[in-house]
1. So what are the ³J(HN,Hα) numbers for the range 5-11, from phi and the Karplus equation (6.51, -1.76, 1.60; θ = phi - 60°), rounded to whole Hz, Gly and Pro as x?
2. Starting from the Cα-Cα distance between SER12 and LEU26, subtract it from 0.36 nm times their residue separation and give me the gain in nm to one decimal.
3. Just to be sure I understand: if I project the alpha-carbon convex hull of the range 2-109 onto a plane and average over all orientations, what area do I get in nm²?
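Read-outs throughout are calculated quantities, based only on the coordinates presented, and are distinct from any laboratory measurement. Quick caveat, the model's predicted, so the values are computed rather than measured.
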Amino acid sequence: MKSKILDAVGISAAVLCLIHCIVFPLLLIIPLGISHNLYIDLAFLLIGAVVVYSVTKTIKNRKLQFLFWTSLLLISVSVLADLIFEVHIPLIYLGAAGLITGHVINFKNHKH
């Protein structure tokens, strides 16, 4: 039961992250006076890391574990590149999509 809740939290956080990553740059085009806040990206990364760590402790499927950790690594590289070099790398989109896919697969594998 706990893993199902973690998958639901993971799916929600990854979808919100993906929406944030797609919509926010479009909002920067409009002169609203808003700017990029790296702390939001770091918060999504932290939530994702906690959920991925908790979920991968309970699953036995190595391919699914690899998908989770690789996706988290892609997001981490993108956020760190933004933090250190102030460069936006689109790896964050692949990472978020990978987390969504992994959580959906893991959620479907639960016995209901």
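1. 5, 4, 5, 5, 5, x, 4
2. Values: separation 14, 0.36 × 14 = 5.04 nm, distance 2.14 nm.
Roughly 2.9 nm would be gained on extension.
3. Mean projected area for the range 2-109: 6.6 nm², to one decimal.
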